[in-house]
1. Would you kindly calculate the mean projected area, averaged across all directions, of the convex hull enclosing the Cα atoms of region 29-231, in square nanometres?
2. Can you tally the net charge around S155? Count Lys and Arg as +1, Asp and Glu as -1, for every other residue whose Cβ sits under 12 Å from the Cβ of S155.
3. Fewest to most neighbouring Cβ within 10 Å: what's the order for T73, T182, T88?
4. For H118, H184, which order do you get if you count the other beta carbons within 10 Å of each Cβ and list the fewest first?
5. Provide S28, S205, S233 in ascending order of the number of other Cβ atoms located within 10 Å of each residue's Cβ, fewest first.
6. How much FRET efficiency would the formula 1/(1 + (r/R0)^6) give for L81 and N129, where r is the Cβ-Cβ distance and R0 is 30 Å, rounded to 0.05?
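What follows is calculated from the coordinates using simple rules that are stated; it is not laboratory data. Predicted model only: the values in this text are computed from it and were never measured. Glycine gets a Cβ as well: all are built from the backbone with ideal geometry, and neighbour counts include every protein chain shown.
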Amino acid sequence: MFKPFSLPAIAVLPRAPKNGSPVPGLTSLYHKTVRGPYGSAAYPGNCSGELIKDLLRYFKPKRVLDPMTGSGTCADVCQELGIECRSTDLQGRRFDPADACDPASFQEIGRFDFVWIHPPYWRQKVYSNDPRDLSVCTNLESFLSGYRRLIANCSAALNPGGRLAVLMGDYDDREAGFVPLTFHTKRLAFDAGLKQCCTDIIRFSHGASSSKKIYRSSFIPGLHDTCMIFEKSRQRKTGTDAPSAHRRPECPSAGCIPTEPDSVSAGKATVHQKSSGNTPSDIGALPQKSRG
C-alpha cells in the first residue's frame with residue numbers, strides 16, 4: 001500500500017557570501033522554480049531559461065552557440081538580452097537542421113565566447129528514431145563516442161578563454177545500472193583540452209515528470225542535474241605545445257553508431273529508465289535535440 005504524497009518540505013539553504021558577482025543569486029545551488037517565458041514547457045526535458053540567463057549575465061559573452069537548441073530556450077534568452085546567438089538542432093523544426101556531433105556542422109560558423117548544450121541523458125528519454133540521435137544509442141559505448149565528438153566540436157568552436165556550459169544528469173538505467181554521466185562529461189571535456197573554471201551548479205529538478213509518479217521499486221530519487229562550466233585556454237597552441245593546464249581559472253569560484261567519429265546528435269522522448277526521478281528538464285525543445 002503506497003502512502004499518499006507528502007507536502008513539499010522547506011529546505012534551508014546555506015547563506016552565500018557577499019562578493020562582486022554581477023549575479024548574486026547564482027550559486028552552486030540553483031533552486032528557482034520558475035522557467036520564464038523561454039522555449040516551450042511542452043518540450044520533453046526542457047530546462048528553465050532562468051539558469052541560462054543568469055550564466056550569460058555573469059559571463060557576458062558577445063556571441064553564443066546553442067547547437068542542440070531543442071525548442072529554442074537559449075535563443076529566446078539571448079534575444080531578450082540582446083546577445084547574438086546561433087541555434088541549430090538535429091530535428092530542425094524551428095531552427096536550421098544540423099547534427100552537433102558532426103564536425104561538418106561547425107564549418108564556416110565562426111567562433112563563440114559561450115556555448116550552451118543540454119544533451120540527452122543517454123536513453124533516459126528517447127527523442128526520435130533518427131540514428132544520429134544520441135538518445136537512441138543502444139549501448140553506453142556508442143553514446144559516449146557521439147558525446148565525445150559533440151564536446152570536441154563545441155571546444156573547437158570556442159574563442160580562447162571561451163566557456164562551454166553543459167547541463168547533464170545521472171540516472172539509473174534498467175540494463176546498464178547507474179550511469180554517472182556527469183563524470184563522463186568532465187572526463188570528455190578534459191580530454192578535449194578544456195578545464196573546469198568554476199564550481200558545479202546543482203540545479204533542482206522542479207517540475208520533473210517523475211515526481212508525479214509512483215514506483216513499486218525502491219531507490220534513492222535523483223532530484224537534480226548538474227551544470228558544469230569549462231573554459232578553453234587563453235593560450236594558443238604553438239607547434240606541439242599543449243594548452244596550459246595549470247593556469248588559475250578566471251571564473252567565479254552524437255553519433256550512436258558504435259564506430260568512431262561520425263555524425264550523431266541528440267533528440268528526445270520514450271523511456272529506458274529504471275525511474276530514478278532524474279527526469280531531464282531542458283533547454284529548448286524540439287529541434288536537434290538538446291534539451292534546449
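1. Seen from a random direction, the Cα hull of region 29-231 projects 11.1 nm² on average.
2. Details: positive: R111, R148, R149, R163, K195, K232; negative: D191, E231.
Every neighbour counted, the sum reads +4.
3. Working: T73 35, T182 19, T88 23.
Least crowded to most crowded, the residues run T182, T88, T73.
4. Details: H118 34, H184 19.
Ordered from fewest to most neighbouring Cβ atoms within 10 Å, H118, H184 come out as H184, H118.
5. Numbers: S28 15, S205 21, S233 18.
Placing the least packed residue first, the sequence is S28, S233, S205.
6. Working: r = 36 Å, r/R0 = 1.18.
With a Förster radius of 30 Å, E is 0.25.
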